[in-house]
1. At a 1.4 Å probe radius, carbon and sulfur cover how many percent of the accessible area of the chain?
2. Between residue 17 and residue 108, how many nm apart are label points set 7 Å from Cα along the C-beta direction?
3. To the nearest 20 debye, what is the magnitude of the charge dipole of the chain about its Cα centre, counting +1 on the Cβ of each Lys and Arg and -1 on the Cβ of each Asp and Glu?
4. Need one word for the chain: rounded, prolate or oblate. Basis is the Cα gyration tensor (sqrt eigenvalues a ≥ b ≥ c); a/c below 1.5 gives rounded, then a/b vs b/c decides.
5. In nm, give the distance between the simple-model label positions of residue 26 and residue 89, each being 7 Å from the Cα along the Cα-to-Cβ direction.
6. Rounded, prolate or oblate, given the Cα gyration tensor of the range 53-93, with a/c below 1.5 counting as rounded?
7. Given 38, 73, 92, which one lies farthest toward the positive end of the charge dipole of the chain, if we put +1 on the Cβ of every Lys and Arg and -1 on the Cβ of every Asp and Glu?
8. Rolling a 1.4 angstrom probe over the protein chains, ignoring ligands and nucleic acids, what is the accessible area of residue 62 in square angstrom, nearest 10?
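The values are calculated or read from the model by the stated rules, or taken from the named source; none is laboratory data. Just so it is clear, the structure is predicted and the values come from calculations on it, not from any experiment. Don't worry about glycine lacking a Cβ; one is built from the backbone with ideal geometry, like all the others, and counts go over all protein chains shown. To get the accessible areas, we keep the full protein, side chains included, count just its heavy atoms, and leave off ligands, DNA and RNA. Shrake-Rupley method; radii C 1.70, N 1.55, O 1.52, S 1.80 Å.
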Amino acid sequence: MKNESIALELPPEESIMLEKKANKKKNGFKYLGGTIILTNGALYFNPQKNASSYDITRIPLTDVHVLKKGVSIGLIPNRIIVGDNQGTEHVFVVTNRNQFYEAIETQLSHKISKD
């Protein structure tokens, strides 16, 4: 069985910069599998089609208030934590997270320099 993601329709002004398989923390020890996608305007989490929750998460880069790295089980460096202006904390588990983290930082710095 192939784990495909739900079709993601981007606004015409956005283009994909980077995407990677990831898990998003739902609550407690529950995670949702899918794809994390960075565009020039937002960060998306696109769940797998067979997931029980089909909600695509979209965090506009202008709403990102906190960006930090985290660890799993106290020692595995694989988490990216994004806090938005609404006070929601999104936790993503991404293998080789540094590349994705740095890409987010770069896009955030572009957004800040344009404002």
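1. 51
2. 1.1
3. For the chain, the charge dipole is close to 560 debye.
4. Since a/c reaches 1.5 but b/c is at least a/b, the shape of the chain is classed as oblate.
5. Here the answer is 2.0 nm between the modelled labels.
6. Here the range 53-93 falls in the oblate category.
7. Towards the positive end, the residue furthest out is 73.
8. 90
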